[in-house]
Amino acid sequence: MAHSNQIREFLLTDKGIDLVDVYTGPGGVLTGSARAAQEAQERAAELMRTEEIERRKRELDSKSKTLEAQITALLPS
């Protein structure tokens, strides 16, 4: 029978043993609290990137509206 020598994390739950997918972080395979901390850090970084993108979109939209208003003001009636 074939087997794997891969490091795996498992959780003991009310439904039995749950094998968790391998998580490779910048420093190698992470498990337990190190894995949870790294995942939380990555979620926070992703949220910051998303918020920055949204801020830039709002800024560009504001600039676009300002330019459109200036162009309209310069056009003869």
Probe 1.4 Å - accessible area at L47, Å² to nearest ten: 100
On Cα atoms only, tilt of 32-74 relative to the major axis of the chain in degrees: 10
Per-residue SASA entry for V20, accessible area with 1.4 Å probe, Å² rounded to 10: 30
Residues of the chain: accessible area per residue with a 1.4 Å probe, Å²: 91
Dipole-positive endmost among L19, Q41, S77 within the chain (Cβ charges, Cα centre): S77
Most to least accessible of R58, R8, R49 (protein chains only, probe 1.4 Å): R58, R49, R8
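Quick check: at a probe of 1.4 Å, how many percent of the accessible area of the chain sits on carbon and sulfur atoms?
C and S fraction of accessible area: 58 percent.
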Gyration tensor (Cα) of the range 1-64, equivalent ellipsoid semi-axes in angstrom: 39, 13, 11
Cross-link reach list, aspartates and glutamates versus K65, counting only Cα pairs under 17 Å and skipping chain neighbours closer than eight places: E54
Magnitude of the charge dipole, the chain, Cβ model with Lys/Arg +1 and Asp/Glu -1, debye to 20: 260
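What net charge is computed for the residues neighbouring I7, neighbours being all others with C-beta under 14 Å from the C-beta of I7, Lys and Arg scored +1, Asp and Glu -1?
0
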Normalised contact order of the chain, rounded percent, pairs of Cα under 8 Å and 6 or more residues apart: 14
Total formal charge among the other residues, if their Cβ is under 13 angstrom from that of L47, Lys/Arg +1 and Asp/Glu -1: -3
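The values are calculated or read from the model by the stated rules, or taken from the named source; none is laboratory data. Because the structure is a prediction, the values reported are computed rather than measured. Cβ: placed from backbone, ideal geometry, glycine included. Neighbour counts: every protein chain shown. With ligands, DNA and RNA removed, areas are computed over all heavy atoms of the protein, side chains included. Shrake-Rupley method; radii C 1.70, N 1.55, O 1.52, S 1.80 Å.
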